[in-house]
Amino acid sequence: MIPCPRCGARLSLFPGAELACACGEIVSAPAERAPPAPAAGPYRRSSSAPGPVDRSVRCPFCGGAFSPLDRACPSCDVPLDRVRCPACLRLEVTGRPRCGGCGGPLRLPAGSDAMGGPCPRCEEPLSAIATQEGMFECARCHGLFVETRRAAELLGAERVASDEPPRLSDEVRYLPCPACHEAMHRYAAAPGVVVDSCMMHGTWFDALELEALLGGGAARR
């Protein structure tokens, strides 16, 4: 309520409004003041500027760059799968084998699939095969990563895990699992065919190895 300076009548006015009193006096209500901005302290930044944009990483849907703090692409709003580095806690894109901040290895939580993960041979992102559930293919080297359950369906459970080490004369290279990035075990799935297997996530087959094990069957139809 605002009192009229001429007659003393009390008038109801919104902040910043004007009203003509019955006595003819124009009465104005003062505008509200904005609350003061909180002062920047040792635990609060004075500005809310967005994080730096990582130009080396692009959205897989629209190609736009985004900040390491973004959970969704700022250009197309598509959610981005992220994994946090266990050493420096930096957020990284799922499928990167190493952290862009400290260079340490990245590990995905158990149960993650290989979609978008790096190919163990050439580090190209793996793509799901539309006609085959649980199978992921590298477009460059044509290797296949087959989830454990799916590999057991194709080859039988006894052929997707083995503790017998292969007898090789050349240098052995242990490939990383595309899903968890841990080194996979190597075993001889058949005479002349040595495959790499992660007991939790799946088995890696180089180009045409799975077809050879299936006797020439069309594994990728």
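Taken together, the residues in region 177-195 that are modelled with pLDDT of 90 or more and either surrounded by fewer than 16 Cβ atoms within 10 Å (Cβ to Cβ) or within 25 Å of the chain's Cα centre (by Cα) (or both) amount to 0. Only one of the numbered conditions (1) modelled with pLDDT under 90; (2) within 28 Å of M115 (Cβ to Cβ) is violated by T203, and that is (1).
Among the residues of region 13-37, those identified as modelled with pLDDT of 70 or more and among the charged types (D, E, K, R) are E18, E25.
Inside region 162-176, residues that are at pLDDT 50 or above and either part of a loop (DSSP other than H, G, I, E, B) or over 29 Å from the mean Cα position of the chain (by Cα) (or both) make up a count of 6.
The values are calculated or read from the model by the stated rules, or taken from the named source; none is laboratory data. These numbers come from a predicted model, not from an experiment. No Cβ is skipped: glycine too gets one built from the backbone with ideal geometry, and neighbour counts run over all protein chains shown.
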